[in-house]
Structures are given as C-alpha cells and as structure tokens.
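This report concerns only the one structure given below.
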Amino acid sequence: MQSEVMFAGFGGQGILLSGKILAHAAMEQGFEVAWIPSYGPEMRGGTAYCLVVISDRPIGSPIIKNPRHLVAMNRPSLEKFAPVVKSGGVVLINSSLIPIRTNRDDIDELMVPATDIAKNLGNVRAANIVALAAFVTRSKIIDFDLLIKSAKEEFAGNEKFILLNMKALEAGKKAAI
C-alpha cells in the first residue's frame, strides 16, 4: 500500500509543517515515508506545497505526478492540483477561503472551514492543523493518536502552542465526522 498526500496553499499557511507532522506520525506508525517540501518564491505568498509519500514497502521514487490525496488551503492550489488527484482519493477543501468545489464525482470531497475554525480557537495560524486533523480523520491514513503525539513533539517546549494545536486537532476531527 502506498499513498501520496499533497498539501498546498499560500506560503505562510503552514503547508510544509502539516506535511512534516503527517510524515513524522506515519514513521511512528512504522511506515516508510518521504517528505518533499517546495522551497522557493512560494514561501513569499505564492502557492507553496509539499508531498508526503507513505508506504508499507520501500519507496521507489518520491516524485509523484498524481497524488492519491490533496489538502487544498486556497483556491489557486485547488484549481492547480485537484485535476491530477487519483480517483478514489480524498480532497480536503478549506471552504473558508475556497468558494468552489472540484466538480469530480470520483473522489471523496471534504469541505472544512479550517480558517474559520482556527479563528474561533483564537489563532488563524492553526488552520493548517485543523485541516490536517480533518484529512487524517476522513482518510484514516494513519492512527489519529500518533498524529496527536507528533504534533506535541513538534511544538515541545511551548505549552501555549501545544494547547492551541491540541484544540485544533480535536476541532478538525469533529469537522470531518
């Protein structure tokens, strides 16, 4: 079994961090993992993305043209990457910022107002964690408890961030049910 997850959005939305936390949780679960971040002008407000490949066997190539899943945090990302997602995959749409759908009936489309949920939690910057939690809940790609553990480790030493992100994980999980 191999699954690929593309995270995409504006630079500054925590796209690379979301992928890093998922990759860490997948490693904790015993999977082979590749995390390919995009560094470049995207970091200054353009479309930023990263790809996480999770497999139960060695990964032949981390370069994937058609990922199984997509977490789209802004409209340009949805429009650019949704057409190449494999049939049967999950496409999470941050409906706070994206007023459109994919118009595909061969995928599991999940509309989550991640930015609005994060604002209600007190920090819009937690939108990526809300979306990550909703995606993991819907896709069941890894064990949710390992996602919590990985997020705690990522924010270790900053109790304020740990508390916020634990709330964001729970809110994202509820949004996906």
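The values are calculated or read from the model by the stated rules, or taken from the named source; none is laboratory data. Fair warning: this is a prediction, and the values are worked out from it, not measured in the lab. With ideal geometry, Cβ positions are generated from the backbone for all residues, glycine too; neighbour counts draw on all protein chains shown.
Key figures for this structure:
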| item | result |
| --- | --- |
| Given (1) outside any helix (DSSP H, G or I); (2) under 19 Å from HIS24 (Cβ atoms); (3) modelled with pLDDT of 95 or more, index of the condition ILE98 fails | (2) |
| Within region 22-37, tally of residues that are buried (at least 20 other Cβ atoms within 10 Å of the Cβ) and either under 9 Å from the mean Cα position of the chain (by Cα) or in a loop (DSSP other than H, G, I, E, B) (or both) | 2 |
| LYS167 free of Cβ contacts under 8 Å to residues at least 60 places away in the same chain and assigned to a helix (DSSP H, G or I) | yes |
| Set PHE135, PHE161: member being part of a helix (DSSP H, G or I), modelled with pLDDT under 95 and under 21 Å from ASN94 (Cβ atoms) | PHE161 |
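Table: residues versus (1) within 19 Å of LEU22 (Cβ to Cβ); (2) in contact with an Asp or Glu (Cβ under 7 Å, 6 or more places away or on another chain); (3) of a type in the set (Phe, Trp, Tyr).
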| residue | (1), (2), (3) |
| --- | --- |
| ALA72 | yes, no, no |
| LYS86 | yes, no, no |
| LEU97 | no, no, no |
| ASN103 | no, no, no |
| LEU110 | yes, no, no |
| LYS149 | yes, yes, no |
| GLU159 | no, no, no |
| ASN165 | yes, no, no |
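One line per residue, one yes/no per condition, for (1) modelled with pLDDT under 95; (2) surrounded by 16 or more Cβ atoms within 10 Å (Cβ to Cβ):
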position: ARG44; (1), (2): yes, no
position: ASP56; (1), (2): no, no
position: GLY89; (1), (2): no, yes
position: ASN94; (1), (2): no, yes
